[in-house]
Amino acid sequence: MVTILDGKKLRDKILAELKLKLDKMEKKPTLAVILIGNNPASWIYVENKKRTAESIGINSIILRYPKDVSEEEILDKIHELNKDDNVNAILVQLPTPAHISKENIINIIDPRKDVDGFTPYNTGKLFSGEKPFAYPCTPKGIMLLLDEYNINIDGKHAVIVGRSNIVGKPLIQFLLNRNATVTICHSHTKNLADITKTADIVISAVGEKIINENMLKPNCIVIDVGISKDAAGKIHGDVDFENVSKIASYISPVPGGVGPMTIASLMLNTVELFELNR
Ligand code: GUN
């Protein structure tokens, strides 16, 4: 029987604990989110972050810019936020429009306010096995979800599908830190199914429906990070949930799996940065 990895339930538990902690704090943390352009998915994600933050007592500021804003204006704003003692956490919603270099933007965020853990300083810390000021939210959320269900990672073969800076690449390090054997696959990988069939844990973060039951070993653990919409507007993940559920031991659903855990991690990171900078 498959066990569903319930990200909503764990998110609610984490948020309830955070709220209790925040209720006792006289001064509250502030999260500043920069949103450029009108990508509908980004608007929804950012609204969700704001709503969640405010529901537990974190102040949030959303700074919205038109899609043709100059890179210079964004850089100036980040410098200002870096210096502002009332702002503890800074997030630039990705993707940014093509004329704005996400590297230039991320590189100047103060690592002590880098709530995504994306700056070179925090990435370097993560990859050298040291503690960054903040860990990237989606991989952190995945690990919290695996731990909640007491899933042992040590010595397991974990196959990651997708090599993004946001999910795939940092996940390598999270899993290595926990003594997994890690393989990372991507769009140029040959014979993907031959590799995923050898996995004890498959984590897919592609944004296309690419994982089916014929590509997996019975009783494997499946984490679905993908989120996209079909022609009818229905949300789905990278995994054929219905058929994979028949052979997997654990599976995270979409929606309701990794997505809520990303938000929970963002709230945890905001509070941790606030405590660090106080
Ligand atoms: N866009 C999609 N996921 C993320 C994330 O984790 N952080 C930021 N800043 N942008 C994103």
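The values are calculated or read from the model by the stated rules, or taken from the named source; none is laboratory data. These figures come from a predicted structure and were not determined experimentally. Because the Cβ atoms are built from the backbone with ideal geometry, glycine has one as well, and the counts that use them run over all protein chains shown. Accessible surface is based on the protein model in full, side chains and every heavy atom, while ligands, DNA and RNA are left aside. Shrake-Rupley method; radii C 1.70, N 1.55, O 1.52, S 1.80 Å.
The rows are residues; the columns are (1) open to solvent by 30 Å² or more (accessible area, probe 1.4 Å); (2) closer than 22 Å to Pro136 by Cβ.
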residue	(1), (2)
Asp23	yes, no
Asn39	yes, yes
Pro66	yes, no
Ile90	no, yes
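Only residues that are touching a helix residue (DSSP H, G or I) at 6+ places or on another chain (Cβ under 8 Å), over 20 Å from Lys156 (Cβ atoms) and not in a helix (DSSP H, G or I) were counted in the range 195-243, giving 4. If you take the residues in the range 110-150 that are of a type in the set (Ser, Thr, Tyr) and more than 12 Å from the ligand (Cβ to nearest atom), which one is modelled with the lowest pLDDT? Across the range 110-150, the extreme among qualifying residues is Ser128. From the list Pro95, Pro29, the lone residue that is under 29 Å from Pro255 (Cβ atoms) and open to solvent by 50 Å² or more (accessible area, probe 1.4 Å) is Pro95. Residues that are acidic (Asp, Glu) and touching a His at 6+ places or on another chain (Cβ under 9 Å) were ranked within the range 35-89; the one that is nearest to the ligand (Cβ to nearest atom) is Glu71.
Val222 passes every criterion in (1) more than 16 Å from the ligand (Cβ to nearest atom); (2) surrounded by 24 or more Cβ atoms within 10 Å (Cβ to Cβ); (3) farther than 27 Å from Met1 by Cβ apart from (3). For the residues Val69, Val46, Val33, Val2, the requirement of being of a type outside the set (Ser, Thr, Tyr), in contact with a helix residue (DSSP H, G or I) (Cβ under 6 Å, 6 or more places away or on another chain) and modelled with pLDDT of 95 or more singles out Val33. Which residue is nearest to the ligand (Cβ to nearest atom), if the candidates are limited to the range 163-179 and must be in contact with a strand residue (DSSP E or B) (Cβ under 7 Å, 6 or more places away or on another chain) and open to solvent by 10 Å² or more (accessible area, probe 1.4 Å)? Per the stated criteria, the residue is Arg163.
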